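Encoded as structure tokens, the structure appears first; notes follow it.
The values are calculated or read from the model by the stated rules, or taken from the named source; none is laboratory data. Every value quoted in this text rests on a predicted model; they were computed, and no experiment measured them. Note that we place each Cβ from the backbone using ideal geometry, even for glycine, and neighbour counts take in every protein chain shown. When the accessible area is computed, the model is the full protein with side chains, heavy atoms only, and any ligands, DNA or RNA have been set aside. Shrake-Rupley method; radii C 1.70, N 1.55, O 1.52, S 1.80 Å.
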Amino acid sequence: MRAVEAGEQQRAVSARLGIHTSTLIDWLRHYGTSAYAQQKRRVFSPAFKRQVVDELLAGRPTYPEAQRKYGLRYGKTLRVWGAAHLAEPAVQAALPPPAPPAAAVPASPTAAALAAQLQQARWQVDALTTLIEQAEATYRIDIRKKAGAKQST
């Protein structure tokens, strides 16, 4: 642990000692110094997070640009910060109220034609399913591919 905390690469240390890298990481997590843990995990203040989210909402940097600009490893970090920001009561109060549900749109000829095609496709699926079931019962074989792991022989 001292070698890694001094700056040596984890892979090199684990190879030299003949242990798996995940074992070394677990040891560092459980028995390492707090200075090393803080060095590996940066902590951002709520004000900084809010500033970054405000920039993103204003559309100045894109998510990948903001990730590079602030040195964040994962894009998910920005999405989590944005969701937390939008969940704040002050932000919720400032958002416009949700739009009322739209009235039923009258069916157009295109919608009616699509509905008829959908119904015909459902009938075809039902007919094919019936044929497969009859063939399985008559010939006593499994036609459908069964889900799950393949049996080894």
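When Gly59 is tested against (1) at positive phi; (2) surrounded by 15 or more Cβ atoms within 10 Å (Cβ to Cβ), just one condition goes unmet, and that condition is (2). Filtering segment 11-36 to residues that are open to solvent by less than 50 Å² (accessible area, probe 1.4 Å) and touching a residue at least 12 places away in the same chain (Cβ under 8 Å) leaves Leu24, Leu28, Gly32, Tyr36.
Scanning segment 1-42 for residues that are among the basic types (Lys, Arg) and farther than 23 Å from Gly71 by Cβ, we see that the one that is modelled with the lowest pLDDT is Arg2. Among the residues of segment 94-118, the one identified as among the polar types (S, T, N, Q) and either within 30 Å of Asp54 (Cα to Cα) or modelled with pLDDT under 80 (or both) is Ser108. Each residue in segment 119-153 was checked for being under 32 Å from the mean Cα position of the chain (by Cα) and at pLDDT 75 or above, and 0 of them qualify.
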